[in-house]
Each structure stands twice: as C-alpha cells, then as structure tokens.
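See below for the structure under consideration.
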Amino acid sequence: MFGVILDKKLSSLSGEVLDYGNQTVERIDYSVNSFIDENIIFAREIIEKTSQVNEASYRLEQECLKILGLHQPVGKDLRTGAALLRTAIELERINILAAYISRHAIDLKQKESKLHKPPHLLFMSQNVQGMLKDGMGALINKDIQLLKRCTKNYVTIQDLYNQMFAEYDEETSGLPTTYLMLVGRNLLSMGHHVMGMADRIAYMIVGKQVMHHKVFYNVLMK
C-alpha cells in the first residue's frame with residue numbers, strides 16, 4: 001500500500017519537474033535571443049518572472065524533502081527522489097543565469113553600442129537546450145543513451161566558448177565585447193549545472209556514482 005502511494009507521488013513529482021524543465025528551456029531561448037536581437041521587452045519579461053518561476057523550484061524541493069522524510073524510500077526510489085531534488089535545484093540556478101543574460105541584453109542596449117553577435121552564442125544556446133532536454137528525458141525515462149548524448153554535448157559547448165574567447169578576447173578592453181564573454185560564460189555555466197543534475201540521474205539509472213569517477217568514461221562517454 002505504502003509502496004503504491006510512494007510510486008504515485010514520485011510519478012507526479014517527476015511530471016512537475018519535467019514541466020519546470022521545459023519552461024527553463026524556453027527561458028534560455030528567450031534570454032539568448034533577447035541578447036542577440038537586443039530585444040529588451042523579452043529581456044525584462046525574463047527578469048520580472050524569475051522570482052515567480054523559481055518559486056516552483058522551492059516548492060518542488062520541499063515536496064522532494066517531504067517524500068524523502070515521510071516515506072524514507074530506499075534503493076531505486078531513494079535514488080529517484082535524490083535525482084528529482086538535485087534537478088530542481090540545478091534548474092533554479094539555470095533560470096537565474098538566464099536572467100543574468102537578459103540583464104546583459106538590457107545593459108548593452110542602453111549603452112547604444114553596436115556589437116556583432118557571433119554565431120557561437122546561438123550554437124551554445126542550442127546545445128545547452130539540447131543538453132537539458134536530453135537530461136530531462138533521461139530522468140523521466142531512465143534512459144542511459146539520452147544521458148550519454150546529454151553529457152557529450154557539454155564538450156561541444158566548451159569548444160564553442162573557447163573558440164569565441166580566442167577570437168574576441170583581444171578586444172575585450174572595449175566594454176561591449178566583454179558582454180559576449182559574459183553571456184558565453186553564463187551559457188557555459190548552464191551546461192555545468194546540467195552536468196550536475198546528470199550526476200544524480202546517472203546514479204539513479206545505474207546505481208553508481210559515475211560522473212566524477214572513472215566509471216563515467218566507461219559508462220557514459222562511449
């Protein structure tokens with residue numbers, strides 16, 4: 001009886017976390033486009049809604065803690081609860097970074113400076129969104145193949161950031177160009193947070209701590 005109740009609660013919570021993840025993907029897209037297109041209407045909307053959006057994260061965290069505290073799950077149920085909790089926390093941090101990017105968009109627009117937006121930013125954004133979608137898919141479906149693809153995309157994001165840094169760093173004495181690096185760094189940090197949630201998702205699926213261990217390369221990177 002208690003097992004059935006626990007399963008229902010975890011399933012319901014998984015659906016809510018998935019909705020929150022999909023909302024986060026949209027906010028990443030809007031924030032980066034607001035910077036590229038210098039659309040301060042989008043940028044302000046992202047910033048204004050950040051507090052409201054992250055209230056969902058607080059509620060999800062509390063629900064996870066209630067399940068873990070009241071039901072005291074073990075085995076796969078405990079790993080699932082821990083993965084959902086870590087995912088909610090990392091999604092909150094990603095949403096905050098999206099607000100930072102929108103802030104950069106507003107600041108750049110107010111300076112009325114012309115700035116070429118290299119394609120690196122759009123490609124980084126697309127890869128972060130892809131990572132997040134694959135990570136959420138792996139969480140809901142316990143799919144190790146999706147998690148492999150998710151983690152491999154982080155290397156692509158790093159490469160894009162390094163390429164952009166090498167190309168534009170010599171010009172960062174000019175403040176407008178600095179915004180490119182700040183936005184790129186925010187996107188790189190988003191990828192890092194997705195890797196953080198992937199850590200717990202991998203543990204949920206295979207029952208081993210793999211992300212910061214040599215097993216990571218054997219299980220996920222092949």
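The values are calculated or read from the model by the stated rules, or taken from the named source; none is laboratory data. Model, not experiment: these values are computed from the prediction. Glycine gets a Cβ as well: all are built from the backbone with ideal geometry, and neighbour counts include every protein chain shown.
Against the condition among the aliphatic types (A, V, I, L, M), in contact with a Lys or Arg (Cβ under 7 Å, 6 or more places away or on another chain) and over 20 Å from ASP19 (Cα atoms), how does ILE36 come out, does it pass? Judged against the criteria, ILE36 is a match. Of everything in region 16-52 that is under 18 Å from the mean Cα position of the chain (by Cα) and of a type in the set (A, V, I, L, M), the residue that is surrounded by the most Cβ atoms within 10 Å (Cβ to Cβ) is VAL32. Out of LEU182, LEU146, LEU187, LEU108, one residue alone is touching a helix residue (DSSP H, G or I) at 6+ places or on another chain (Cβ under 6 Å), at pLDDT below 95, crowded, with 23+ Cβ neighbours inside 10 Å and assigned to a helix (DSSP H, G or I). It is LEU108. Return a yes/no flag: does region 23-39 have any residue that is under 18 Å from ASN186 (Cβ atoms), part of a helix (DSSP H, G or I), at pLDDT below 90 and among the β-branched types (Val, Ile, Thr). The answer is no; no qualifying residue exists. The single residue among LEU6, LEU13 that is surrounded by 20 or more Cβ atoms within 10 Å (Cβ to Cβ), more than 17 Å from the chain's Cα centre (by Cα) and at pLDDT below 95 turns out to be LEU13.
Return a yes/no flag: does region 3-23 have any residue that is over 21 Å from ASN141 (Cα atoms) and of a type outside the set (S, T, N, Q). For region 3-23, residues over 21 Å from ASN141 (Cα atoms) and of a type outside the set (S, T, N, Q): absent. All of ALA88, ALA98, ALA83 fail the test of being more than 21 Å from ILE67 (Cβ to Cβ) and either crowded, with 18+ Cβ neighbours inside 10 Å or acidic (Asp, Glu) (or both), apart from ALA98. Which members of region 64-105 meet the condition of being outside any helix (DSSP H, G or I) and of a type in the set (Gly, Ala, Ser)? Across region 64-105, there are no qualifying residues.
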